[in-house]
Amino acid sequence: MQNNTFPTLFVGQNLIRLPEVDSTNNFLKAIVSNSEPLAEGTVIMADKQFAGRGQQENTWYSEPGMNLTFSIYLSPLFLPITSQFLLNMAVSVGVRDAINDFLGGGLKVKWPNDLYYNDQKLGGILIENILSGSKYKAGIVGIGINVNQLNFDPMLLNRPISMGKILQRDVNLLELLAKICTHIEAQYLRLRSGNFNSLQNSYLSGLYRFKEKASYRRLGEVFEGTIIDVTEQGLLVMLSNGIEKHYNFKEVEFLNNI
């Protein structure tokens, strides 16, 4: 464990850097399940992940040493479990704002957990909540960002992109990590203060396709809809043919505009 000079109170102050691991989320969950004492804000960073995961067990592929793959241990005991998605909002806003500091804007959050630059995927967030009875015990926040990788599998449907491809230069991984930790901590403290409405507004202001009519698919049927909200429970609220509908994760598929 290393002590850092990140300009934060606790997020990223303790950093465990691993050369290789199956998944930083799995590594962090193992520590938590063993009841080992762990400081909130501890970051597990891996140079290589050979079994990184996305939402619903999708696999995350990353060239060793080229990208940022890490997990953060948070303990949002103050948050009702019925409002778990607010933690996702706080983390998403923090990551989005940090990366936009480098890119100069253009990065948006695609519900529920992807990071998109225009219509291309730049990264993803996977939060695994650990509950104790009816209360929050921990949030394991896994984040993967395409940073300096330039070549991607052409068969990938989400057309990935990286910060290096956008900026046409390499980005220092630790500098980026420090910036992300700073922004996530700011949003997490905002969440802890109970300023939910302000947080939700910030999240929606940078949401991919927010208030834009676009094409989607559900149960094999293509339809046009407009995203108008995301609830504290994480439900996507969409207006289609004048009717407001709510969708859970994986219930609706975004179709490419290009």
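The values are calculated or read from the model by the stated rules, or taken from the named source; none is laboratory data. Computed from a prediction, not measured in an experiment: that's the story for all the values here. When we count neighbours, we look across all protein chains shown, and the Cβ atoms used for this are built from the backbone with ideal geometry, even at glycine. Surface areas here come from the heavy atoms of the whole protein model, side chains and all, with no ligands, DNA or RNA. Shrake-Rupley method; radii C 1.70, N 1.55, O 1.52, S 1.80 Å.
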Let me see the P(r) profile for the chain: every Cα-Cα distance counted, bins of 5 Å, each bin given as a percent of all pairs. 1, 6, 13, 18, 20, 18, 13, 8, 3, 1, 0
Report, in listed order, any pair from 110/213; 108/137; 137/245 with a Cα-Cα distance greater than 26 Å. 108/137; 137/245
Counting heavy atoms of the protein chains only and a 1.4 Å probe, report the per residue accessible area for the chain as a whole number of Å². 47
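Can you compute the helix-only [θ] at 222 nm over the chain? Use -39500 (n - 2.57) per DSSP H run of at least 4 residues, normalise by all residues, nearest 500 deg cm²/dmol.
Value at 222 nm, helices only, nearest 500: -8000 deg cm²/dmol.
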Quick calc, the range 136-248, dipole around Cα centre from Cβ unit charges on Lys, Arg (+) and Asp, Glu (-), nearest 20 debye, gives 40
Identify, among 243, 230, 219, the residue whose Cα sits farthest towards the positive end of the charge dipole of the range 212-254, taking +1 on the Cβ of Lys and Arg and -1 on the Cβ of Asp and Glu, with the dipole about the Cα centre. 219
Provide the gained length on full extension for the span residue 35 to residue 170, in nm with one decimal, where the gain is 0.36 nm per separating residue minus the Cα-Cα distance. 44.7 nm
How much length would be gained if the chain were fully extended between residue 205 and residue 239, taking 0.36 nm per residue of separation minus their Cα-Cα distance, in nm to one decimal? 10.5 nm
To the nearest 10 Å², what's residue 10's accessible area with a 1.4 Å probe? 40
Kirkwood-based Rg/Rh on the Cα set of the range 182-257 evaluates to 1.05
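When the accessible area of the chain is computed with all protein chains present and a 1.4 Å probe, what percentage of it is carbon and sulfur?
The nonpolar share, carbon plus sulfur, comes to 48 percent.
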